[in-house]
1. Just for the Cα atoms in segment 95-213, what are the lengths along the principal axes, largest first, rounded to whole Å?
2. For segment 167-213, take every pair of Cα atoms, bin their distances at 5 Å starting from 0, and report each bin as a whole percent.
3. Which FRET efficiency value, to the nearest 0.05, do you get for residue 167 and residue 108 by plugging their Cβ-Cβ distance into 1/(1 + (r/R0)^6) with R0 = 35 Å?
4. Taking 0.36 nm per intervening residue step and subtracting the Cα-Cα distance, what contour gain separates residue 8 from residue 79 on full extension?
5. I want to verify a result. In a Gaussian network model of the chain, Cα cutoff 10 Å, which of these has the top mean-square fluctuation: 35, 23, 131?
6. For the chain, how big is the tail of P(r) above 31 Å, as a whole percent of Cα pairs?
7. Give the residues of segment 128-161 whose amide nitrogen is closer than 17 Å to a point set 7 Å from the Cα of residue 36 in the direction of its Cβ.
8. Please compute the modelled spin-label separation between residue 177 and residue 26, points set 7 Å along Cα→Cβ, answer in nm with one decimal.
């Protein structure tokens, strides 16, 4: 008989803008909270530190985890860290992107491929999944049958690669070798839009491969 993991996944949608390469767009972002009644991590502190802190309540925030450093995913990270005392973690390959938004405040620690993070008795493994950005990562929680993919994989296929710091062949390699190899029933919780599953996205990625970018 298997035990139920202590951690649960909570979801918050925040709204703001995404700016890069001289353009600005209105966006809605998914903020994911993983934890129990005592402690939690936040994945992608987007737009509204106050709303995220309210969702956390009196729980201890273990860390602010960044799937990548586009401004709509990290704009509220320093404010949330200052409010809670939690460190901000980012893959070092996205340092240049981070500095476009927060030139005077560096992340507190680095994320690395294969690194394991623990919250509420549940382990998240860092998967380096570059392509949407050089330091893009996904967080895989096998006990929750969930992977948090940021903007690497969405319902319908790969994330965007048409702007600076991104590369289509790289994101396809990341998805096919790091994400589609996860169990088919794994829930994919994305940076924007609705969740999906690994099984649902395999044919979509194959379509992208056949038609190219």
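1. If we take the Cα atoms of segment 95-213, the spans are 43, 38, 23 Å.
2. 5, 20, 28, 28, 16, 2
3. Numbers: r = 28 Å, r/R0 = 0.79.
E between residue 167 and residue 108, to the nearest 0.05, is 0.80.
4. Extending this stretch completely gives an extra 23.1 nm.
5. 23
6. On the way: 2944 of 22578 pairs.
Summing the P(r) of the chain above 31 Å gives 13 percent of all pairs.
7. 142-145
8. Going by the 7 Å Cα→Cβ label model, 4.0 nm.
Every number here is computed from the coordinates shown, using simple stated rules; none is lab data. Note that the structure is predicted; figures quoted are calculated from it, not measured. Glycine also receives a Cβ, built like all others from the backbone with ideal geometry; neighbour counts cover every protein chain displayed.
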